[in-house]
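First up is the structure itself, then whatever we jot down about it.
The values are calculated or read from the model by the stated rules, or taken from the named source; none is laboratory data. All values derive from a computational prediction rather than experimental measurement. Cβ: placed from backbone, ideal geometry, glycine included. Neighbour counts: every protein chain shown. To get the accessible areas, we keep the full protein, side chains included, count just its heavy atoms, and leave off ligands, DNA and RNA. Shrake-Rupley method; radii C 1.70, N 1.55, O 1.52, S 1.80 Å.
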Amino acid sequence: MEDTFWIELVQQADYRFETHFDNPAVPALVTDEPAPLGRDQGPNPSRLLGTAVANCLSASLLFSMRKFKNTPDPIRAVATVRMVRNEQKRLRVGGMAVDLHLGVPASAIAMLERILAQFEDFCVVTQSVRQAFPVEVRVFDSEGVLLKQPEPA
């Protein structure tokens, strides 16, 4: 199965763009570069990439939880994006760490081990970018108990 979609960016001024999506129900999004290059009037592409990874992981975890009749809401995600310079001194995303926080304690979750073992496999964005850089994922319950941590490298 193959699917396509389109996104249109229209320059507003300098590095600020207005982004339009192929779904008219989705509002436009303003993107911009941080100062001094831009004016910080919206997220830049690296921040959008971090957002995409964290959102995809959150949605995959929510889907996996609901599949077993769990209600983990509200889920909160914190993504940390590590920027590095390559051999040519060009700035690149070198890795990400995403902490997912569930809204309930682990004891209230059915099939927790199975969910934690498989939810990342359903995240389209994370599995796609992992081919370019590492993404470490940790999951915590509402009491701050660490339920899942990255495998040692």
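With r as the distance between the Cβ atoms of R76 and A132 and R0 = 25 Å, compute the FRET efficiency 1/(1 + (r/R0)^6) and round to 0.05. Please list the in-between numbers first.
Working: r = 26 Å, r/R0 = 1.04.
Plugging the Cβ-Cβ distance into 1/(1 + (r/R0)^6) gives 0.45.
Summarise the accessible area of the chain (1.4 Å probe, protein heavy atoms) by the percent that is carbon and sulfur.
53
PRE reach from V26 (point 7 Å along Cα→Cβ): which of the stretch 96-126 fall under 14 Å by backbone N?
Label zone hits: 125.
Can you give the calculated 222 nm mean residue ellipticity of the chain, where each DSSP H run of n ≥ 4 adds -39,500 (n - 2.57) and the sum is split over every residue, rounded to the nearest 500 deg cm²/dmol?
Rounded to the nearest 500, it is -7500 deg cm²/dmol.
If you take semi-axes √(5λ) of the Cα gyration tensor in Å from the coordinates, which of [x] 31, 20, 15; [y] 42, 18, 12; [z] 31, 24, 12 do you get?
[x]
Just to check I understand the Karplus step: with θ = phi - 60° and J = 6.51 cos²θ - 1.76 cosθ + 1.60, what whole-Hz values come out for the stretch 126-143, glycine and proline as x?
For the stretch 126-143, the Karplus curve yields 4, 5, 6, 6, 4, 6, 9, 7, x, 10, 9, 10, 10, 10, 10, 8, 5, 9 Hz.
Sort V78, V129 from largest to smallest accessible area, using a 1.4 Å probe on the heavy atoms of the protein chains.
V78, V129
Probe radius 1.4 Å, ligands and nucleic acids left out: which of S107, S142, S64, S58 has the largest accessible area, and how do the rest follow?
S107, S142, S58, S64
Work out how much length R16 to Q149 would gain on full extension: take 0.36 nm times their residue separation and subtract the Cα-Cα distance, in nm to one decimal.
Taking R16 through Q149 to full extension adds about 44.2 nm, to one decimal.
Once you've got the GNM for the chain with C-alpha springs shorter than 10 Å, pick whichever of R130, R16, R85 has the biggest mean-square fluctuation.
Of R130, R16, R85, the Gaussian network model singles out R85 as fluctuating most.
Which whole-Hz couplings ³J(HN,Hα) result when phi for each residue of the stretch 79-87 is put into the Karplus expression 6.51 cos²θ - 1.76 cosθ + 1.60, θ = phi - 60°, listed in order with x for Gly and Pro?
Per residue, the Karplus-derived 3J(HN,Hα) values read 9, 10, 9, 9, 9, 9, 9, 7, 4 Hz.
Quick one: putting +1 on the C-beta of Lys and Arg, -1 on the C-beta of Asp and Glu, what dipole do you get for the stretch 42-106 around its Cα centre, in Debye to the nearest 20?
In total the dipole reaches around 200 debye.
Given a 1.4 angstrom probe, what's the average accessible area per residue across the chain, in square angstrom?
The answer is 66 Å² per residue.
Please give the contour-minus-distance gain from F68 to R47: 0.36 nm per residue of separation, less the Cα-Cα distance, rounded to one decimal in nm.
Details: separation 21, 0.36 × 21 = 7.56 nm, distance 3.22 nm.
Taking F68 through R47 to full extension adds about 4.3 nm, to one decimal.
Quick check: pseudo-label points 7 Å beyond the Cα along Cα→Cβ at F5 and R39, how many nm apart are they?
2.9
Out of all Cα-Cα pairs in the stretch 1-71, roughly what percent, to the nearest whole number, are more than 16 Å apart? Working shown, then result.
Working: 1582 of 2485 pairs.
Counting every Cα pair in the stretch 1-71, those more than 16 Å apart make up 64 percent.
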